[in-house]
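The structure appears below as structure tokens.
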Amino acid sequence: MRPPKPSLVDVGTVRDDGFVFDGWVWKGRWYPVWRDPEKAKRRSLGQANRNRASHLQRAYGLTISQVENQITLQNEMCAIKGCYRSITDSKACIDHDHETGAVRGILCHQCNVSLGLLRESVAILKGLILYLRLYKGSR
């Protein structure tokens, strides 16, 4: 049962239904102290880090420190030559061969999506290069 909003008269008092209002905090609306949104946010960030570590280990056999080391080795830049986008830890994408599962490097989001759309096909990529070269002079 959800308690009604406490009034200034109710704060620190125990009502007949057992609700104690000195355990409430106002953050744009009333929250029980145990549901403080700032504490919940800190808890969810910790959970997100644990989920990320678990995903990296399951999917790629990597630890967070190994990924951070690879990002440092790449000077915090995408592994694709000619792409000069900086990769931050939160935007880093682990590139891997879908057939063997071998990790190839850390890419920026745009390059990772591009590889996916190309289905990692060298033939499609060569076709795109030819297409771009064909129409480059017509502009």
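Read-outs throughout are calculated quantities, based only on the coordinates presented, and are distinct from any laboratory measurement. Just so it is clear, the model here is predicted, and its values are computed rather than measured. Backbone-built Cβ (ideal geometry, glycine too); neighbour counts: all protein chains shown.
For I80, the amide hydrogen comes within under 5 Å of the amide hydrogens of C108, counting only partners 5 or more places away or on other chains and with H modelled in the peptide plane. For H96, the residues whose amide H sits under 5 Å from its own are R104, ignoring neighbours fewer than 5 places away on the same chain, with H placed 1.01 Å from N. Taking packing as the residue-averaged number of other Cβ atoms within 10 angstrom, the listed peptides 100-113, 65-78 run from highest to lowest as 100-113, 65-78. Taken over the stretch 42-136, the percentage of Cα pairs per 5 Å bin, counting from 0 up to the bin with the maximum distance, is 2, 12, 19, 21, 19, 12, 7, 4, 3, 1, 0.
Between the beta carbons of L56 and V113, assuming R0 = 22 Å, the FRET efficiency works out to 0.70 to the nearest 0.05.
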